[in-house]
Amino acid sequence: MSTPVLVRHPDARTLAAVTAGRLVTTVLDAIAERGRADLSLTGGSMGGAVVEALAHHPQREIVDWTRVHVWWGDERYLPAGDPDRNDTQADAAGLTTLGLLPEHVHRAAGPDVSASAEASAAAYEQTLRSDGGGEWDVVLLGVGPDGHVASLFPGHPAQQSSDTLAVAVHDSPKPPPTRVSLTAGCLSRSREVWFVVAGEDKAGAVAKGVAGAPAEEVSTGLVRGLGRTLWLVDAAAARDLSG
């Protein structure tokens, strides 16, 4: 597994723009090498900012988006179209303008079409196994102030799930309480993992993650890229880092 590399950016807007540029290049390379690209997106403010920057990127038109598959590292177990869902927020940020094929945008089912979060996780895993392309090209992950990534919260039972690719999360410390998340093992099937973090409220979690704090304190150490792991942070999130 790769040793993490830290890359600092002056502010959140620059971080989103540079990350979008990295995505364009990575997608182009993946399509050239393998004929498709598989991206796992993140939610939250930075997840939306990266999608918005990607939608406005001057080189977005040179990508054949029909060859790109999009997934999410986690999803709130809410009905389709709910404004608190990660995929709804990504759509609003400009994901639908890229030219992706609808069948290549893989969404975790909500209670409007699935019987339970367990059923949604099982269906998401089945889709991963049947149409996952083997490995991710890039997994984007935000990091919460409490050290969680996707919906893998430190100390929560779902954090240590290892026998599945996707897991139902109940009693989440952060609302909504019910979610579907990819497991750490599934997220680590990626050629590259990028932790994309902005904001002073994340500084403590970033410092712990970069230092390799145990899983009881931060979940980032459970996820590593096969080829490269990047911490892409803004100055505020890097406040507690030395050097």
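The values are calculated or read from the model by the stated rules, or taken from the named source; none is laboratory data. None of these values were measured; they are calculated from a predicted model. Positions of Cβ are generated from backbone atoms using ideal geometry, with glycine treated the same way; all protein chains shown enter the neighbour counts. Calculation scope for accessible area: heavy atoms of the full protein, side chains included, ligands and nucleic acids excluded. Shrake-Rupley method; radii C 1.70, N 1.55, O 1.52, S 1.80 Å.
Table for the structure above
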quantity: Residues (farther than 18 Å from Asp131 by Cβ and part of a loop (DSSP other than H, G, I, E, B)) located in the range 85-110; calculated: Arg85, Gly94, Leu98, Gly99, Gly110
quantity: Residue in the range 186-209 that is touching a strand residue (DSSP E or B) at 6+ places or on another chain (Cβ under 9 Å), more than 27 Å from Asp240 (Cβ to Cβ) and surrounded by 24 or more Cβ atoms within 10 Å (Cβ to Cβ) present; calculated: yes
quantity: First in the range 154-177 and open to solvent by 80 Å² or more (accessible area, probe 1.4 Å), second anywhere and in a helix (DSSP H, G or I), Cβ under 6 Å, 6 or more apart; calculated: Ser162/Gly185
quantity: Residue selected from the range 111-149 under the condition among the polar types (S, T, N, Q) and part of a loop (DSSP other than H, G, I, E, B), by the criterion nearest to Gly185 (Cα to Cα); calculated: Ser116
quantity: Exclusive hit being surrounded by 21 or more Cβ atoms within 10 Å (Cβ to Cβ), on the phi > 0 side of the Ramachandran plot and touching a residue at least 24 places away in the same chain (Cβ under 8 Å), set Ala108, Ala150; calculated: Ala150
quantity: Members of the range 113-132 found to be more than 14 Å from Glu75 (Cα to Cα) and either free of Cβ contacts under 8 Å to residues at least 60 places away in the same chain or surrounded by 15 or more Cβ atoms within 10 Å (Cβ to Cβ) (or both), listed by number; calculated: Val113, Ala115, Gln126, Thr127, Leu128, Arg129, Ser130, Gly132
quantity: In the range 60-87, the residues that are without any contact (Cβ under 8 Å) to a residue 24 or more places away in the chain and open to solvent by 50 Å² or more (accessible area, probe 1.4 Å); calculated: Glu61, Gly81, Pro83
quantity: Hits in the range 5-43 (condition: assigned to a strand (DSSP E or B) and open to solvent by 50 Å² or more (accessible area, probe 1.4 Å)); calculated: Val5, Leu6, Arg8
quantity: Any hit, the range 183-193, residues being in contact with a Leu (Cβ under 6 Å, 6 or more places away or on another chain) and among the charged types (D, E, K, R); calculated: yes
quantity: Residue in the range 90-99 that is closer than 24 Å to Cys186 by Cα, open to solvent by 50 Å² or more (accessible area, probe 1.4 Å) and out of contact with any Asp or Glu (no Cβ under 7 Å at 6 or more places or on another chain) present; calculated: no
quantity: Residue among Ala207, Ala184 that is without any contact (Cβ under 8 Å) to a residue 40 or more places away in the chain and within 14 Å of Gly73 (Cα to Cα); calculated: Ala184
